[in-house]
Amino acid sequence: MSAWLAYAYPWIKAFHIVAMVAWMAGLLYLPRLFVYHAAAPVGSALSETFKAMERRLLRGIMLPAVVMTVVFGGLLASIPGVVDWHQGWVWAKLALVAGLGLFHGLLARWRGDFAGDRNRHTQRFYRLVNELPMVALIAIVVLVVVKPF
Ligand code: HEM
């Protein structure tokens with residue numbers, strides 16, 4: 001690793017972690033907003049407030065955060081010697097990250113449904129899907145820190 005990359009590496013990793021915390025915060029909080037929004041009557045002031053909160057969270061926090069997580073993660077992965085591509089945990093982590101990306105896309109679709117007063121899911125549904133990002137987060141952190149395989 002060149003001297004410059006050796007210097008940059010911990011900084012890039014720090015910003016990768018900051019960005020992933022912001023992304024995870026949104027992935028955990030947006031379905032929680034949907035739980036309460038699903039119970040708010042269509043056209044009520046409460047429902048309109050949820051619409052504004054959901055739009056700002058998705059566009060103002062989660063979109064920049066996912067872009068930064070992937071950019072800094074990609075930069076880390078491109079530094080020679082940082083990732084051993086023969087190890088299984090790397091691929092397991094990337095598969096889980098792809099799953100989180102898919103989940104992000106589904107949240108964006110459901111937000112659009114709420115914005116158009118077309119929500120099709122129950123509170124219970126959003127409560128259940130709310131658990132998925134936490135399960136993925138635990139698995140990813142164990143994979144990158146413990147590197148079990
Ligand atoms: C395309 C997306 C991503 C890529 C390419 C990527 C890549 C990387 C790379 C190459 C490292 C450095 C590993 C090392 O220094 O040994 C790293 C560290 C880390 N990543 Fe990611 N990552 C991505 C997304 C995520 C996500 C979504 C999370 C959490 C939900 C995450 C959590 C972490 C953590 C906690 C570390 C620090 C591990 C340590 O201190 O050794 N990453 N990532």
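Values quoted throughout were computed directly from the atomic coordinates according to the rules given, and no laboratory measurement underlies them. Computed from a prediction, not measured in an experiment: that's the story for all the values here. Positions of Cβ are generated from backbone atoms using ideal geometry, with glycine treated the same way; all protein chains shown enter the neighbour counts.
Structure above, values below:
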quantity: Sorted by Cβ density within 10 Å, fewest first, the residues Val70, Val83; calculated: Val83, Val70
quantity: Ranked His121, His16, His86, criterion: other C-beta atoms within 10 Å, fewest first; calculated: His86, His121, His16
quantity: At R0 = 25 Å, FRET efficiency that the Cβ-Cβ distance of Thr49 and Leu102 yields, to 0.05; calculated: 0.35
quantity: Least to most buried among Glu48, Glu54 (fewest other Cβ within 10 Å first); calculated: Glu48, Glu54
quantity: Relative contact order %, the chain, counting alpha carbon pairs below 8 Å whose residues are six or more apart; calculated: 37
quantity: Amide N proximity, the stretch 129-149 versus Tyr9 label position 7 Å along Cα-to-Cβ, cut-off under 20 Å; calculated: 143-148
quantity: Tilt relative to the chain, helix 132-146 - C-alpha long axis, 0 to 90 degrees, to 10; calculated: 10
